[in-house]
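Scroll down for the structure; my scribbles are underneath it.
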Amino acid sequence: MNPPTPLRADDVDRIVEMAWEDRTPFEAIEAQFGLRVNDVIDLMRRQLLPSGFRRWRKRTSGRATKHQRLRATEVERFKCTRQRTISGNRIPKRA
């Protein structure tokens, strides 16, 4: 088994952002960054203050939109239709 690839700081920021988003499932994070649910939980534990981590866990635990298999079958996308297009995992900055 290969050792995990170290994440860049901007990748970690994007993963934290995606983990906080209600409609982004953990499977999307795994598809883009190769981190499973438990890996995301460990990363969030390291990146957030203890109170923020508890708030995040309470928010995401049991939330149907955070797990692909719990979602409605007609939802086939990783992002909200109103979300701006993200190219190359970077959100363009406003001019």
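The values are calculated or read from the model by the stated rules, or taken from the named source; none is laboratory data. A quick note: this is a predicted structure, and the numbers were derived from the prediction, not measured. Please note: Cβ atoms are built from the backbone with ideal geometry, for glycine as well, and neighbour counts cover all protein chains shown.
Key figures for this structure:
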read-out	value
The stretch 1-17, residues that are aliphatic (A, V, I, L, M) and either touching an Asp or Glu at 6+ places or on another chain (Cβ under 8 Å) or at pLDDT below 90 (or both)	Met1, Leu7, Ala9
Any chance Val12 is in contact with a Leu (Cβ under 9 Å, 6 or more places away or on another chain), aliphatic (A, V, I, L, M) and assigned to a helix (DSSP H, G or I)	yes
Residue identified as closer than 18 Å to Arg63 by Cβ and among the basic types (Lys, Arg) among Arg46, Arg23, Arg14	Arg23
Test set (1) exposed (fewer than 12 other Cβ atoms within 10 Å of the Cβ); (2) part of a helix (DSSP H, G or I); (3) at pLDDT below 90 - Ala28 fails condition number	(1)
One residue from Arg54, Arg71, Arg46 being surrounded by 10 or more Cβ atoms within 10 Å (Cβ to Cβ) and modelled with pLDDT of 75 or more	Arg54
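To keep it simple, each residue is scored yes or no on (1) on the phi > 0 side of the Ramachandran plot; (2) not hydroxyl-bearing (Ser, Thr, Tyr).
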site	(1), (2)
Leu7	no, yes
Arg14	no, yes
Glu17	no, yes
Trp20	no, yes
Ala28	no, yes
Gly34	yes, yes
Ile41	no, yes
Ser51	no, no
